[in-house]
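Here, each number is a calculation from the coordinates, and none is a lab measurement. Keep in mind that what you see is a predicted model, and the values were worked out from it rather than measured. Cβ atoms come from the backbone with ideal geometry, glycine included; neighbour counts cover every protein chain shown.
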Amino acid sequence: MSLPPGFLDELRTRLSLGQVVGRKVMWDSRKSNQAKGDLWAPCPFHQEKSASFHVDDRKGFYYCFGCHAKGDAISFVRETENVDFMEAVRILAGEAGMPMPQRDPQAQQKADTRTQLAEVMEQAVQYYRLQLKTGAAADARAYLERRGLSQQALDRWEIGFAPDVWQGLWDHLKSKNISDELIIGAGLAKPSQKGGKPYDTFRGRIMFPIRDARGRCTAFGGRAMDPNDNAKYLNSPETELFDKGRSLYNHGPARTAAGKGQPLIVAEGYMDVIALSEAGFEAAVAPLGTAITESQLQMLWRVAPEPIIALDGDTAGLRAAMRLIDLALPLLEAGQSLRFAMMPEGQDPDDLLKSAGAPALQKLLDGAMPMVRLLWQRETEGRVFDSPERKAALDKALREKIKTIADPSIRNHYGQEIKELRFQLFRPQRAPSGQRRTGGQRTGGGFGKWQPEPVPLQSTKSSVLATGTGDSVTHILRESVILAALISCPEVVESFETPLERLRCINPDNAALRDLILRHAHEGAEVLREKISSARGPEALENLLNASHVAIVPCIRTPGNADMARITVAEELAKLSAARGLDAEIADAAEDLTGVADEGVTWRLSRAAEAADSANRSTQKEGSGDFVTADNGVKMEKDEVTRSRAMFDAIDFSKRGRKQH
């Protein structure tokens, strides 16, 4: 059976040899550089312990320095699966999502036609290049000179000119005895609708040859010289040689440059690619004036694992980036993603290079943002999240997008990154250093006036209790117990995220620990402790966990008991909230007194006091519920959790009382 022309080329373009071979071998992580497609493993064709089997994923070939086996994806499947050539092609086509072609007795004839079309395209390249040197192309040459293109650059990119005549190229090719079918089949001319001679597809345009990865000219892009032309840029129609959705401008040279370590840059147009390459960024491509397709995205990943999308700094460029996110999310794989370098507003890469030079562009590329950050920006930029409903809508939108990611590991990491970004957006606002916020106290009819915070003496700064006296000391002690319990058993943090985010820590050290816990608890106890030690110093953990009022807490003495830690945190939060509710009520009542206490004020104070006292008594009396034994052998009462939850019911007595009176 003969395969149609171009089928195997397309198959090799769609497949990654590294993925095909990776199912049969274990890569040597010390020798391999997956980012560059340089992979090493013990050879699957002979017994060995060293990694002498090399895969060049970009070129699509393997070679063993031991047994000298070599080949491409098709030969690898033939050898490892013990199948013939066509069966190997069928296996790989199934993996690439390409249907096997039906038997085609004219396959050789089609192959000959494609070869002839490619030859016609080369003659068109030469014709357009010659026309650029004529008097009719004076304006085109002046334009290219203004764009900063030297004669060497014009020759290197084979830029030409299509004169503004109806049959210029047609007559030239016919003089060389080329058939009408080939000229029209190559997309260089169109048949007349009025029965006349076919006319040239491109007229009055600067011409850019488009070559495939093998270097064959398959199409042209033409830039109109007439500013009133409806199509500023025009591409060849699709032909047997040219599929716009599966082509990239400068594909072959960019692949070579990327293989030498240059970053793969995706720009919007021909001039951007040329400007980038001339400035030293040779691994630059463009998707031929349309939104990037899935096929083009796979082609980009075959060249480099993390292409940098360098889009114009305007609304259209940003919209294109946002559309690309939705296309790419379901296709992400480990080590395979996109980064985005947004140009300054109103500029494209060519503009930036001219105005600020290569260092400015390099700085933008170095700071290219990962795709998850642009996804977050898309869902949050310009929006206000001042209500639970708006926050819930944000959460829903992000969940829906993350769910489209097929790889479970990447999906999990996206979730964690979004969680971190969400925490930063909605984190509790703390007063600037050296100031304190007065909580729920009202001053002059308003809430939250900033007041200076007393600065402790140097000799007392090391004490966790130095930041308050009386009730504030008790509050600090409870804060410390809560934080210590969560550090000892971080898996329970998720159950308390909302009250922790709202927790107003009196001690600034505790506030810092609270933020670190919320940020890193999901990474496990060991990582959490490392993050705390790195951010606050190793003494921060020692001072907290070794404090006498903390060390005696059961869940600290037996770390890892999730049930005991959960009960401890719930109880301490309830008592802390009830006590602070009483403080706020007293402050409000004092402000409401006008010389004689009325019954409403008295009732509110008594109920708030009862709430706080109830929260404290509920944990002091001995429970009568059944005991259960946790995994680590610690006995606990089943009623503990019920009582802890009941404590939270007492927290809002004062608010309800205020509404009733």
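Here are the numbers:
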| item | result |
| --- | --- |
| Computed label-point distance, nm, for sites GLN416 and CYS67 using a 7 Å Cα→Cβ extension | 3.9 |
| Distance (nanometres) between label positions extended 7 Å along Cα→Cβ at GLN193 and ALA535 | 6.7 |
| Formal net charge of residues neighbouring SER150 (Cβ-Cβ distance under 11 Å; K, R +1; D, E -1) | -1 |
| Span from the region 467-542 Cα centroid across to the region 364-420 one, whole angstrom | 26 |
| Distance (nanometres) between label positions extended 7 Å along Cα→Cβ at MET26 and GLU79 | 2.1 |
| Amide H contacts of TYR249 (H built 1.01 Å from N, under 5 Å, at least 5 apart or other chain) | ALA286, LEU288 |
| Cα-based Lys proximity count in region 106-242, under 23 Å, for pairs eight or more positions apart or on separate chains | 12 |
| Extension gain (nm, one decimal) between ALA551 and GLN47, 0.36 nm per residue minus Cα-Cα | 175.7 nm |
| Cα-based shape type of region 7-96, given that a ≥ b ≥ c are square roots of the gyration tensor eigenvalues and the cut on a/c is 1.5 | oblate |
| Lysine pairs meeting the criterion (Cα under 20 Å, 8 or more apart or interchain), as found in region 248-426 | 7 |
| Summed residue charge, Cβ within 12 Å of TRP27's Cβ, Lys/Arg positive, Asp/Glu negative | +1 |
| Karplus (6.51, -1.76, 1.60) ³J(HN,Hα), θ = phi - 60°, over region 164-176, in Hz, Gly and Pro reported as x | 7, 10, 6, 10, x, 5, 4, 5, 5, 6, 5, 5, 9 |
| Amide H within-cut-off set for LEU264, under 5 Å, with H built and near neighbours excluded | ILE308 |
| Burial order of peptide ranges 270-283, 57-70 (average beta-carbon count within 10 Å, highest first) | 270-283, 57-70 |
| Karplus 3J(HN,Hα) series, Hz, for region 217-231 with 6.51 cos²θ - 1.76 cosθ + 1.60 (x for Gly, Pro) | 6, 10, 6, 10, x, x, 9, 5, 7, 7, x, 8, 5, 5, 10 |
| Estimated vicinal HN-Hα couplings, Hz - region 188-197 in sequence order (Karplus 6.51, -1.76, 1.60; Gly, Pro = x) | 8, 8, 10, x, 6, 7, 10, x, x, 5 |
| Residues whose placed amide H lies under 5 Å from that of LEU332, excluding near-sequence neighbours | ALA406 |
| Segments 513-525, 561-573 sorted - mean Cβ within 10 Å per residue, highest first | 561-573, 513-525 |
